[in-house]
1. Pairs under 8 Å by beta carbon, first residue in contact (Cβ under 8 Å) with a residue 40 or more places away in the chain in the stretch 66-85, partner β-branched (Val, Ile, Thr), six or more apart or different chains?
2. Filtering the stretch 83-96 down to residues that are crowded, with 20+ Cβ neighbours inside 10 Å and aliphatic (A, V, I, L, M), which residue is modelled with the lowest pLDDT?
3. Can you tell me which of Arg28, Arg13 is at pLDDT below 95 and either of a type outside the set (S, T, N, Q) or under 15 Å from Ala103 (Cα atoms) (or both)?
4. Among Leu133, Leu43, which is the only one that is touching a Phe, Trp or Tyr at 6+ places or on another chain (Cβ under 7 Å) and surrounded by 17 or more Cβ atoms within 10 Å (Cβ to Cβ)?
5. Do you know which residues across the stretch 59-90 are among the β-branched types (Val, Ile, Thr) and within 24 Å of Phe12 (Cβ to Cβ)?
Amino acid sequence: MATYYGLPLYAFRLVFVLDTSGSMAGPRLDAAKRELNAAIEALPDYAEFGVVAFNSRVDLWQSKLVPATLAAKKAATRFVSAQKADATTASYDALEAAFRFDAEAVYFLSDGAPKGGKIAQPGGAADAFLDVLAKENLGSYRRVDE
């Protein structure tokens with residue numbers, strides 16, 4: 001079974017959202033890319049997925065969900081591996097893009113509260129923001145220290 005940071009991926013239509021803001025630079029982003037690429041590679045053939053990378057802007061790997069074929073997985077992992085850390089954390093913009101996909105689940109990986117984009121959280125703590133975001137969307141928040 002595919003997992004992402006140890007969480008089983010039960011959904012058949014899913015979107016991964018990856019924070020590539022400046023604060024993710026170095027080992028944090030390296031670990032995030034490694035985990036995401038492993039999750040993508042482990043997706044079953046019948047799954048469909050998308051990838052959204054964001055910092056002060058949002059980059060979509062594809063504009064719609066794609067079947068998890070071997071070719072698609074390789075292309076997606078190349079996209080993830082090419083991501084560089086830069087700028088701010090436009091979380092709202094990234095989530096807005098992710099919700100446009102026809103997905104059952106969104107896996108949002110970020111190290112911070114929104115700072116940039118359409119909505120910013122002034123002086124907010126990242127853990128509090130991410131916990132509330134998860135709870136208000138029937139999800140769960142899990143802090144990962146790598």
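1. Here the result reads Thr77/Ile40; Val80/Ile40; Val80/Val51; Gln83/Thr20; Lys84/Thr20; Ala85/Thr20, each pair linking the stretch 66-85 to a residue that is β-branched (Val, Ile, Thr).
2. Only one residue fits best here, namely Ala90.
3. Result: Arg28 is the single residue among Arg28, Arg13 that is at pLDDT below 95 and either of a type outside the set (S, T, N, Q) or under 15 Å from Ala103 (Cα atoms) (or both).
4. Leu43
5. Answer for the stretch 59-90, where residues must be among the β-branched types (Val, Ile, Thr) and within 24 Å of Phe12 (Cβ to Cβ): Val66, Thr69, Thr77, Val80.
The values are calculated or read from the model by the stated rules, or taken from the named source; none is laboratory data. Predicted model, so just to flag it, every value in this text is computed and none were measured. Glycine also receives a Cβ, built like all others from the backbone with ideal geometry; neighbour counts cover every protein chain displayed.
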